[in-house]
Amino acid sequence: MPADPSATCLIERLTRSEGEAWRTLFDQAPTGIVIVDAEARLLLANDAAQALAGRMVEPVPRGAPVGELFHPEDRDKVLAELARMGAGLGGRSAVELRLAERQGEGGIPLGCSVAMVAFTPVTEADGAVSGAVIRLTDITRHRVMETQLAQTQKMQAVGQLAGGIAHDFNNLLTSIIAASDLCLARDDMAEPLQADLLHIRRSAERGAALVKQLLAFSRRQTLQPRIIRLADAIEDVAALLRRLLGQRVALELDLELPSHMIRVDPVQFDQVVVNLALNARDAMPQGGRLTIRTSNITLYRPLVRGQEVIPPGRYAMVEVSDTGNGISPDDLPRLFEPFFTTRKEAGGTGLGLATVYGIVRQTDGFISVESTPGEGTTFRIYLPIIPHEEPLQREPPAHQRAAEPAARMGAPPGCLEDGAARRGTVLLVEDEDGVRRLSTRALENAGWRVLAAASGEAALQMLDAEPVPPAALVSDVVMPGMDGTQVVKAVRARYPKIPVVLVSGYSESAAIDGLPDEDLHFLPKPYTLRQLVAQVDTMVAPPASG
C-alpha cells in the first residue's frame, strides 16, 4: 500500500518532540499501543500489541485494517468506536475486547487474549480527527481466574449433589442386591418367582452402573491409574470402536509420533473415548466420519476454551471430531452437566458426557468442546505428559478388558452355606438398616459371629462388653457421628493388628485417606454378599486346628 501523506504527518507529529526516545518507550511499553489513521488503518503497533494478538512472528503490517489485531466477532466494535471518535464524540477509556486468536504448533488454536481497550482521538488544529491512539491493557489472567472460579463453583455444587445422591442410592442398591441373593439361595424357590428375582437383581445392577457414572462426574469413583502411551491406548480401543460405530461411520486415526506417556486408568480412559465416539455416532444418523487425532502441545500461558481454563504446561491432546449435526450454542455451556441431554427423543440419560468430564478431571486433565450446527463437533482432551523416566505400564487391549467388570462381580448367586461352627467374631458397623441386617445374615451363614452396630459410638460400646477381640472389622465410611476412618482408628487403638474392610460408594482414595495401608481393604458399594464374605474370609487367616 503506498504511503499516505496524512498518515506520515500524523506519525511525525506524534514523535517529533521526543524522537528516538519516544520510539524506544513506544516499542518497550508493557501496555499494547496502536496508532491508526482516520480510515482505521494501522500505522504503528508496538511489540506488546502484536504479542497480545499472537502476531509476533508475522506482525500485522502497516496499512492493514486495524481489525486484524482483534477477534472477528469484536472487529465491528472497534470500528464503531473509531467512527464515534470521527464524529467528534470523543473516545472511551474502558471497552473490553478480545484480540485475534493465537495459533500454536501445527495451527492448533491457543485461545485469544482479552484486553481493556482505551481509544484516544488525535486531532488537528482545526479540530478534525486524523487518527487515534488505542491502548490495550491485558486482563486475560483476571478473566481466566473469574471464569475458572465460576466454573469450579458450579461443577463443585453439582458434583456434591450428584455424589450425595449416588451415596444414598448405593445403600439402597446394596440392600436390593443382597436381599435378591439371599432369596435366590433358597432351594424351595418357585421358578416364576426366581425369574422375577433375577430381573430385580439385573435392574439393580443397571442402577449400579448409573450410580458409577454419577460418581465419575463427582470425581469420587475408584481409579487405578497406570502409565501408558497415548497412541497405544487409542489403537487398542479402535477395534472396539469400529464394531460400535457400524458401517455408516468411518473411523480415521491420526496419531502423532512419537507419542508421549500419560497416567490414566486404562478402563476409564476407554470409557471416555467410547462415550465420545457413541455421541458422535448418534449425531450422524445418515453416516459420516469420526476422526481421532493425537498431538503433543506446550502451553506457555492459560488457554481459555469456553468455560474451561487450561493452565500452562505440556499436554498430550486427544481430539475427537465428527461430521454430524453439531450442537446448539445455547446447549454448549450445559453439555457436561449430569442429566442434561440433547437427545431427549432418543432416550439419552444425560450421563455420558458428565461421566467423560468427571473421569478427565479426576485424571488431572481438561476437556473442551467446539461445535458448529450442521458441520460437526470437536472435543479436545488435554492430559498432562508424564516424564520419560517413569516406567511404562502396558495394559491388555480394550476388547480383552471388556469382560473384566463381569468377572469382578463374582460368581452367580448360589447357596450361602449355613455354617454351624463359629469361626470368630466380626464387628460390623453400618448405619443403613437394610444393608446391616442383610450383611449380618450373610456373615452368620458363612460361620461368623457378628456384632452389628448402627454407629461408631455403638460399636465401641459393644467392644467394651466383649471379652474376646474381634477377628475383623467391617465398617461403612460415611456415617453420622463417627465416620469409618474414626472407627478404624478407635478400634485399632485397642487392637492394632485387626484386619479392616472399609465399604463405601465413594472412591478408595477418599475412603482410606490418612489410614495406614497394613491389613486395610476396600470394598466398593454396591457389593454382593458373596463379595463381602469372600473379602472377610480372605483377610482373616483360619484358626490353627487341633
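The values are calculated or read from the model by the stated rules, or taken from the named source; none is laboratory data. Since we're looking at a predicted model, the values are computed, not measured. Note: ideal-geometry Cβ built from the backbone for every residue, glycine included; neighbour counts use all protein chains shown. Note: accessible area is taken over every heavy atom of the protein model, side chains too, but ligands, DNA and RNA are not part of it. Shrake-Rupley method; radii C 1.70, N 1.55, O 1.52, S 1.80 Å.
Results, tabulated for the structure shown:
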| read-out | value |
| --- | --- |
| Residues being surrounded by 15 or more Cβ atoms within 10 Å (Cβ to Cβ) and modelled with pLDDT under 70 - total across the range 91-101 | 1 |
| Any hit, the range 461-472, residues being under 24 Å from Pro526 (Cβ atoms) and β-branched (Val, Ile, Thr) | no |
| Members of the range 55-90 that are open to solvent by less than 40 Å² (accessible area, probe 1.4 Å) and part of a loop (DSSP other than H, G, I, E, B) | Val60, Gly63, Ala64, His71, Gly90 |
| Any hit, the range 113-122, residues being farther than 20 Å from Ala53 by Cβ and modelled with pLDDT of 80 or more | yes |
| The one condition in (1) out of contact with any helix residue (DSSP H, G or I) (no Cβ under 8 Å at 6 or more places or on another chain); (2) at pLDDT 85 or above that Arg62 fails to fulfil | (2) |
| Residues of the range 293-336 classified as among the acidic types (Asp, Glu) and open to solvent by 50 Å² or more (accessible area, probe 1.4 Å), total | 1 |
| Flag for Ser455 being crowded, with 23+ Cβ neighbours inside 10 Å and among the polar types (S, T, N, Q) | no |
| Residue within the range 257-268 that is within 21 Å of Gly365 (Cα to Cα), assigned to a loop (DSSP other than H, G, I, E, B) and free of Cβ contacts under 8 Å to residues at least 12 places away in the same chain present | yes |
| Filter result for Ala459 (more than 24 Å from Asp181 (Cα to Cα) and among the hydrophobic types (A, V, I, L, M, F, W, C)) | yes |
| Residue count for the range 288-312, restricted to those that are small (Gly, Ala, Ser) and at pLDDT 90 or above | 2 |
| Residue satisfying all of: in the range 372-388; modelled with pLDDT under 90 and closer than 27 Å to Pro302 by Cα; most open to solvent (accessible area, probe 1.4 Å) among these | His388 |
| Helices (runs of 4 or more DSSP H) fully within the range 463-545 counting 3 or more residues that are at pLDDT below 90 and not aliphatic (A, V, I, L, M) | 529-539 |
| Any hit, the range 238-252, residues being among the hydrophobic types (A, V, I, L, M, F, W, C) and under 17 Å from Met317 (Cβ atoms) | no |
| Test: residue in the range 242-253 that is of a type outside the set (D, E, K, R), modelled with pLDDT under 80 and surrounded by 13 or more Cβ atoms within 10 Å (Cβ to Cβ) | no |
